[in-house]
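**Q** Please see the structure below; I have some questions.
The values are calculated or read from the model by the stated rules, or taken from the named source; none is laboratory data. It should be emphasised that the depicted structure is a prediction, and the values quoted were computed from it without experimental measurement. Cβ atoms come from the backbone with ideal geometry, glycine included; neighbour counts cover every protein chain shown. What goes into the accessible areas is simple: the full protein's heavy atoms, side chains included, and nothing from ligands, DNA or RNA. Shrake-Rupley method; radii C 1.70, N 1.55, O 1.52, S 1.80 Å.
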Amino acid sequence: MLGHSQVNYSLEAARERLKTSRRVTFFGGAGVSTASGIPDFRSATGLYNQMTGSRYSPETMLSHNFFVHHPDEFYAFLRSSLYYPDAKPNAAHYVLAQMEEKEKLNAVITQNIDGLHQQAGSKVVYELHGSLKRFYCMRCHRAYQAERVYSQETTPYCEVCGGLVRPDVVLYVEPLDPDVLNASISAVRKADCMIVGGSSLVVYPAAGLLDYFRGDCLILINREPTPYDSQADFVFHGDIGEVLTQISCDL
Ligand code: NAD
């Protein structure tokens, strides 16, 4: 339950606590994939602080309106700055997949759109912001293979109805998929331990998921402080792959 607390910074204590937890839920963001070579959005080396070579900001280009009115620029941005075909899962993804295999972890909830948790072997993955691995026609909803979309250099249009083909991601101002959100809330409510990592926790409604946690062990792992640090039982300002590896080694 949020809203206490005495924050603990001991890896050993977190490891012991994790051992006695029975149902862990993980909630993560872009920081989970930086070690795989995919930049996050908001840290110093993140996409929002990089030059995009466009007169539009990344926030603007990732909005619904921009996509609909400037699909060519959107796809150019997607190909140059968001699509990492060679990225491989890193230690954080693999530790979480192992925790699920050991029946310690009930779900990975992610804000990431890169599909790396599934690539590492995680089975129950709730993608709050969708996935860049899936595409569909906005008009007739026909699904398109990502490889096919990425293999062409022009904006994709549906071969059946001519509608604009879009990635199955949640753009700014679009609502989250209610089924994914509800499944995520349900997993968080059932968890006795929640590990949150690699997220600035400023994107809502995703960050609001923490408010549903009713367990007694909240572990926050992020390079930089987050607005939720004071409400956590354990806080680690370090690399998520390293911290997860250390606190899960006895499970
Ligand atoms: P964010 O960029 O706002 O925050 C990322 C946080 O992770 C930062 O606070 C940073 O300090 C921390 N971080 C970076 N590398 C880390 C590491 N190795 N270990 C620990 N912490 C690390 O990202 P967010 O909170 O996920 O929210 C923003 C949006 O970014 C989401 O909507 C998501 O869809 C999108 N996004 C996704 C990807 C991806 O799919 N890989 C990449 C960039 C952005």
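**Q** What is the extension gain from residue 154 to residue 192, computed as 0.36 nm multiplied by their sequence separation minus the C-alpha to C-alpha distance, in nm to one decimal?
**A** Going from the current span to full extension adds 8.9 nm.
**Q** How much accessible area does residue 164 have with a 1.4 Å probe, in Å² rounded to the nearest 10?
**A** We get 30 Å² for residue 164.
**Q** Taking only C-alpha pairs under 8 Å that are 6+ residues apart, what is the relative contact order of segment 21-160 in percent? Display every interim value, and only then the final one.
**A** Numbers: 177 pairs, mean separation 33.1, N = 140.
Here the relative contact order equals 24 percent.
**Q** Under a plain spin-label model, where a point goes 7 Å from the Cα along Cα-to-Cβ, how far apart in nm are residue 143 and residue 7?
**A** 4.2
**Q** A further question on this structure: Taking only Cα atoms, what is the 0 to 90° angle, nearest 10, from helix 178-190's long axis to the longest principal axis of the chain?
**A** On a 0 to 90 degree scale, this one is about 10.
**Q** On a 0 to 90 degree scale, rounded to 10, what angle separates helix 11-20 from the longest Cα axis of the chain?
**A** Once rounded, the angle reads 90 degrees.
**Q** Counting alpha carbon pairs within less than 8 Å and at least 6 residues apart, what relative contact order, in whole percent, applies to the chain? Walk me through the numbers before you get to the answer.
**A** Numbers: 463 pairs, mean separation 71.4, N = 251.
Computed value for the chain: 28 percent relative contact order.
**Q** Between segment 28-67 and segment 201-215, what is the C-alpha centre distance in whole Å?
**A** 21
**Q** If you count only protein heavy atoms with a 1.4 Å probe, what accessible area per residue comes out for the chain, rounded to a whole Å²?
**A** Details: 12080 Å² over 251 residues.
Here the per-residue accessible area is 48 Å².
**Q** Once the Cα atoms of the chain are picked out, what are the Rg and Dmax in Å?
**A** Gyration radius and largest Cα-Cα distance of the chain: 18.6, 59 Å.
**Q** Quick one: pull the percent of accessible area on the chain belonging to carbon and sulfur, 1.4 Å probe, ligands and nucleic acids left out. Could you put the intermediate results ahead of the total?
**A** Working: 6020 of 12080 Å².
The computed percentage sits at 50.
**Q** Evaluate the relative contact order of segment 113-200 (contact order divided by residue number), counting alpha-carbon pairs under 8 angstrom at least 6 apart; express in whole percent.
**A** Here the relative contact order equals 28 percent.
**Q** What residues have an amide H closer than 5 Å to that of residue 126, excluding those fewer than 5 places away on the same chain, when H is modeled at 1.01 Å from N in the peptide plane?
**A** Those qualifying (amide H under 5 Å, at least 5 residues apart or on another chain) are 108, 109, 110.
**Q** Can you spot the lysines whose alpha carbon is less than 21 Å from residue 133's alpha carbon? Ignore those fewer than 8 places along the same chain.
**A** 88, 123
**Q** How far is helix 91-101 tilted off the main Cα axis of the chain, in degrees rounded to 10, range 0 to 90?
**A** Around 70 degrees separate the two axes.
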